[in-house]
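The next block holds one structure in the form of structure tokens; read it before the comments.
The numbers here are math on the coordinates, done by the rules we state, and not lab data. Just so we're clear, the structure is a prediction, and the values are computed from it rather than from any experiment. So basically every Cβ, Gly included, is an ideal-geometry build from the backbone, and we count neighbours across all protein chains shown.
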Amino acid sequence: MIESRIFHFISAFPRGVSVDDIASVVFRINSGSNSQLRKIMLPLILSDKRFTLVRNKVALSDKGEKFKKLVNTTFVALDVETTGTNSQKDKITEIGALKICGGAITDIFETLINPGRYIPYDITNLTGITNEMVNNSPDLEQIFPSFLEFIGDSVLIAHNAPFDIRFINAELKAMGRDKLSNEVLCTYKLSRRFCPGLKRFSLKSMTKVLGLTNEKPHRAGSDAAACAQIFLNLLYTMPERGIFDLDDLLKYA
């Protein structure tokens with residue numbers, strides 16, 4: 001998205017950057033002293049509330065600084081695959097998680113898990129995860145310490161987040177641990193609020209609408225990656241909706 005490229009470029013210069021440099025680096029236009037180009041570009045850039053003019057240079061406004069802090073927040077997009085839909089009876093078979101900071105994916109956590117019970121045929125047919133695949137995989141007791149360290153105090157993101165968080169908290173409770181205290185964002189809810197013209201908001205529908213790819217649907221790592229990309233796409237539309245910081249964003253999801 002061109003808006004995100006402009007934002008990241010200007011963010012790199014605390015004292016501001018010239019319109020000519022924005023034209024050259026972001027748009028690859030050799031602007032030189034083209035005053036006509038300045039007259040066209042400058043009003044367009046300054047119409048974005050994240051930017052202001054300081055001594056003939058474009059810099060971040062107060063709202064831009066808030067948005068920069070939001071972009072630099074650590075988020076973790078996650079997904080779990082399970083033996084069924086009942087968090088009190090069924091178990092997790094796979095966890096996928098991607099760490100996001102500065103508008104980019106910076107780390108990945110992905111593992112199959114031995115649920116300690118039989119995976120029904122219909123679940124295998126949906127996810128492709130077989131009983132043979134998890135037989136030699138670690139159980140949750142082995143996995144959770146490293147998983148909890150991975151997510152830390154990040155803001156968690158999931159598509160239909162209540163499902164994933166409910167399963168994780170049920171497993172934590174079974175281990176005698178406290179439930180997650182992280183803030184949580186649901187990309188399903190965000191999609192419904194910010195894309196009201198759509199008829200469907202499933203992970204499959206949103207990846208198609210946004211032109212994204214989910215290589216292995218219903219596998220935790222691939223679904224978490226799709227969720228991360230949906231979130232990043234929505235993130236850069238937040239300023240036009242008057243959302244510049246995390247507190248504002250959490251009100252919507």
Report summary line: Of the candidate values (1) 16.9, 55; (2) 21.5, 70; (3) 20.6, 65, the one computed for Rg and Dmax of the Cα atoms in Å from this structure is (2)
Report task. Decide, for the range 2-60, between rounded, prolate and oblate: order the square roots of the alpha carbon gyration tensor eigenvalues as a ≥ b ≥ c, take rounded if a/c falls under 1.5, and otherwise choose prolate if a/b is larger than b/c, else oblate. Result -> rounded
Query - Gaussian network model of the chain, Cα within-10 Å springs - most flexible of Gly16, Gly128, Gly211 - result: Gly211
Query raised in the report: What nm distance separates the two modelled labels at Leu42 and Ser24, each placed 7 Å from Cα along Cα→Cβ?
Result: 1.8 nm
Query raised in the report: In the range 139-215, what trypsin sites (Lys or Arg not before Pro) fall in a loop by DSSP, with at most 16 other Cβ atoms inside 10 Å?
Result: Arg177, Lys179, Lys199, Arg200
Query raised in the report: Which whole-angstrom value gives the distance between the alpha carbon centres of the range 46-111 and the range 177-253?
Result: 9 Å
**Report entry** Whichever aspartates and glutamates have a C-alpha closer than 12 Å to that of Lys189, once near sequence neighbours (fewer than 8 apart) are set aside
**Finding:** none
Query raised in the report: Using Cα atoms only, what is the angle between the long axis of helix 220-235 and the major principal axis of the chain, expressed in degrees (0 to 90) to the nearest 10?
Result: 30 degrees
Query raised in the report: Separation between the His8 and Met133 pseudo-spin-labels, each 7 Å from Cα along Cα→Cβ, expressed in nm?
Result: 3.2 nm
Query raised in the report: Just Asn30, Asn169, Asn182 to compare: in a GNM of the chain, with alpha carbon springs under 10 Å, which one fluctuates most?
Result: Asn30
Query raised in the report: Can you give the calculated 222 nm mean residue ellipticity of the chain, where each DSSP H run of n ≥ 4 adds -39,500 (n - 2.57) and the sum is split over every residue, rounded to the nearest 500 deg cm²/dmol?
Result: -12500 deg cm²/dmol
Query raised in the report: Around Asp48, what is the net charge, scoring Lys/Arg as +1 and Asp/Glu as -1 over all other residues with Cβ under 10 Å from its Cβ?
Result: +1
Query raised in the report: Relative to the present Cα-Cα distance, how much length would full extension add between Arg55 and Ser205 at 0.36 nm per residue of separation?
Result: 49.4 nm
